[in-house]
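Quick notes on the structure that follows.
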Amino acid sequence: MIMNRYWSQQIAALDPYIPGEQPQDQQYIKLNTNENPFPPSPAVADVLRDFEIERLRRYPDPESTDLIKSLAAYQGLESSQVFVGNGSDEVLAHAFQAFFRQDYPILFPDISYSFYPVYCKLFQIEYHQPALDQEFCINIQDYASANGGIIIPNPNAPTGIALVTGAIRELLADNPESVVIIDEAYVDYGAESAVTLIPEFPNLLVVQTFSKSRGLAGLRLGYALGQENLVEALQRVKNSFNSYPVDSLTSALALASIADEDYFQQCRSQVIASRERLRTELQQLGFEVFPSSSNFVFVRHANTAAETLYNELKSAGILVRYFKQARIDNCLRISVGSDPECDALIGALKDILR
Ligand SMILES: Cc1ncc(COP(=O)(O)O)c(C=O)c1O
C-alpha cells in the first residue's frame, strides 16, 4: 500500500479510477473513451462566441434554474425531478453517498462501469457483483437478494448490451426498499430510457450525461432524474460539498444544445449507422461483435489476442480500450468514430491480421 505520513489510512487504501488514455503528445485516432465523433451543435458554438465575459465575474445560479427547467421540459418531468452536476461521474458520486451507505451491500454487474467500485471504496460501501452470463447479459433474477441499492448501466459498459424496459420494471418492483440507479450514459444510441417509469417508481433514479450523444465531454455536465424526494437527497449532498457544480458558461451552452434537437438526432442516427457498418466489417475480419445499443462495440477476435491488437493498433496511431480484467481480457471496446476513422481502423486491422 502507498503510504505517506500525511495521508489518512482510508486515502492510502483507495484504488482511484483510471480513465482511458487522453494523450497530449501525438495525434491519435481516439476510439478509446466513447467520445462523440461530431462536434457540439453549431448553436452551441454561436452561444460560446457571443457569451458575455462580464457574466463570469459573478457566481452562477446555484440552483441552475433555467437549465433544470429546460431539461425537465425536454424529459416531460417537473423541475423538482431534475438534478444537475459536474459530469455524471459527480452526480453518481453524490447518489452513492446519498443512497448506498446502507446495512446491506449494493449490487452491480461483475462487468460494468469501473468507477462504481471506486466510489464504494471512497464512501466505504460494501458491494456484490452478480456475474453476467456467458453472452455478457444481465440476469435480473440475480438482483433479488437483500441489498442496499442497485446500479446498472443501460446499455451496459463496456459490453454495449441493453436491458429492455420490462426487465428494469421487474428490477424496480422486486426491490421496493432499495434505490435503483439506471446509468444511461449511452441510452441515446438505441436503448429504451427508464425515464417513463419515474412516475410509477419512487425508488428509481436515472442518470444521463452531455458527454456522449451531445458531444460535450469537455464541458462536464451530467444530470439525474427521479421523484422529488430522491432529487432532494442529491441536493442535500451537493449543498454540503459544492454549491456551484455547474458554471454559467456550461449552463448557457447546454441550453443551446438542448434547443437544437435536429442536430442531436442527426448525429445520433449517423453514429448508429456507422456502428452497424463497423459491426459488419469487423465480423468480416473474424471478430465476434456483441450486440451494441451504444456508441461503441465490444469485440473479441477468433485467433488474435486482444492485448496484441491493442498494442499494434496503438503503434499504428489508433487508441482503443483494453481492460486487463478477468473474463474480458480477450476483448476490446472500440468507440464508433467518424466514417474516415472507422475506415482507418479497419485498414489497420487488415494489416495487423494479414
Ligand atoms: C457508464 C458510464 N457512466 C458514466 C460515465 C461518466 O460520464 P461523464 O462523467 O462524462 O458524464 C461514463 C463515462 O465514460 C460511463 O461510461
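The values are calculated or read from the model by the stated rules, or taken from the named source; none is laboratory data. It should be emphasised that the depicted structure is a prediction, and the values quoted were computed from it without experimental measurement. Don't worry about glycine lacking a Cβ; one is built from the backbone with ideal geometry, like all the others, and counts go over all protein chains shown. Accessible surface areas use protein heavy atoms only, side chains included; no ligands, DNA or RNA. Shrake-Rupley method; radii C 1.70, N 1.55, O 1.52, S 1.80 Å.
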Query - Residue list for region 39-60, filter: assigned to a helix (DSSP H, G or I) and in contact (Cβ under 8 Å) with a residue 60 or more places away in the chain - result: P42, A43, V44, D46, V47, L48, R55, L56
Query - Unmet requirement for F287, which otherwise passes all of (1) farther than 24 Å from A217 by Cα; (2) at pLDDT 95 or above; (3) open to solvent by 30 Å² or more (accessible area, probe 1.4 Å) - result: (3)
Query raised in the report: Given the conditions (1) more than 14 Å from S251 (Cβ to Cβ); (2) touching a residue at least 24 places away in the same chain (Cβ under 8 Å); (3) not acidic (D, E), which single one is not true for A73?
Result: (2)
Query raised in the report: Only one of (1) more than 15 Å from the ligand (Cβ to nearest atom); (2) open to solvent by less than 40 Å² (accessible area, probe 1.4 Å); (3) out of contact with any Ser or Thr (no Cβ under 8 Å at 6 or more places or on another chain) is not met by G166, so which one is it?
Result: (2)
Query raised in the report: Would a scan of region 297-320 turn up a residue that is touching a Gly at 6+ places or on another chain (Cβ under 6 Å), under 21 Å from D188 (Cα atoms), part of a strand (DSSP E or B) and not polar (S, T, N, Q)?
Result: yes
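Q141: away from the ligand (no atom under 16 Å from the Cβ), part of a loop (DSSP other than H, G, I, E, B) and more than 20 Å from A224 (Cβ to Cβ), yes or no?
Values: away from the ligand (no atom under 16 Å from the Cβ): yes; part of a loop (DSSP other than H, G, I, E, B): no; more than 20 Å from A224 (Cβ to Cβ): yes.
Taking the combined requirement at face value, the residue does not satisfy it.
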Query raised in the report: With respect to the numbered conditions (1) assigned to a helix (DSSP H, G or I); (2) within 16 Å of the ligand (Cβ to nearest atom); (3) open to solvent by less than 10 Å² (accessible area, probe 1.4 Å); (4) not small (G, A, S), which one is the sole condition not fulfilled by I258?
Result: (3)
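Can you confirm whether S274 is assigned to a loop (DSSP other than H, G, I, E, B), farther than 22 Å from D25 by Cα, open to solvent by less than 50 Å² (accessible area, probe 1.4 Å) and not hydrophobic (A, V, I, L, M, F, W, C)?
Numbers: assigned to a loop (DSSP other than H, G, I, E, B): no; farther than 22 Å from D25 by Cα: yes; open to solvent by less than 50 Å² (accessible area, probe 1.4 Å): yes; not hydrophobic (A, V, I, L, M, F, W, C): yes.
No, not satisfied.
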Report summary line: Exception for V299 within (1) more than 16 Å from K212 (Cβ to Cβ); (2) open to solvent by 10 Å² or more (accessible area, probe 1.4 Å); (3) modelled with pLDDT of 95 or more falls at (2)
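Which one is surrounded by the fewest Cβ atoms within 10 Å (Cβ to Cβ) among residues in region 204-228 that are out of contact with any Gly (no Cβ under 8 Å at 6 or more places or on another chain) and under 18 Å from Q75 (Cβ atoms)? Can you show your working first?
At the first step, the residues of region 204-228 found to be out of contact with any Gly (no Cβ under 8 Å at 6 or more places or on another chain) are 212-219, 225-228.
Filter once more, keeping what is under 18 Å from Q75 (Cβ atoms): 212-214, 216, 225-228.
Details: K212: 26, S213: 23, R214: 26, L216: 22, L225: 24, G226: 28, Q227: 19, E228: 12.
Within region 204-228, the match that is surrounded by the fewest Cβ atoms within 10 Å (Cβ to Cβ) is E228.
Within region 17-60, take every residue that is among the basic types (K, R) and open to solvent by 100 Å² or more (accessible area, probe 1.4 Å) and give me the one that is nearest to L313 (Cα to Cα).
Step one: list which residues in region 17-60 are among the basic types (K, R), which gives 30, 49, 55, 57-58.
With the extra rule that they be open to solvent by 100 Å² or more (accessible area, probe 1.4 Å), the set shrinks to 49, 55, 57-58.
Values: R49: 37, R55: 45, R57: 46, R58: 47 Å.
Taking the candidates together, the pick is R49.
Is it the case, given these coordinates, that V246 is assigned to a loop (DSSP other than H, G, I, E, B), in contact with a strand residue (DSSP E or B) (Cβ under 6 Å, 6 or more places away or on another chain) and not acidic (D, E)?
Values: assigned to a loop (DSSP other than H, G, I, E, B): yes; in contact with a strand residue (DSSP E or B) (Cβ under 6 Å, 6 or more places away or on another chain): yes; not acidic (D, E): yes.
For V246, the condition - assigned to a loop (DSSP other than H, G, I, E, B), in contact with a strand residue (DSSP E or B) (Cβ under 6 Å, 6 or more places away or on another chain) and not acidic (D, E) - is met.
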Query raised in the report: What about E232, is it at pLDDT 95 or above, of a type in the set (D, E, K, R) and open to solvent by less than 10 Å² (accessible area, probe 1.4 Å)?
Result: no
Report summary line: Pairing a residue in region 208-222 that is among the hydroxyl-bearing types (S, T, Y) with any residue that is more than 7 Å from the ligand (Cβ to nearest atom), where Cβ atoms lie under 6 Å and the two sit 6 or more apart in sequence or on different chains, gives S213/D188; S213/R268
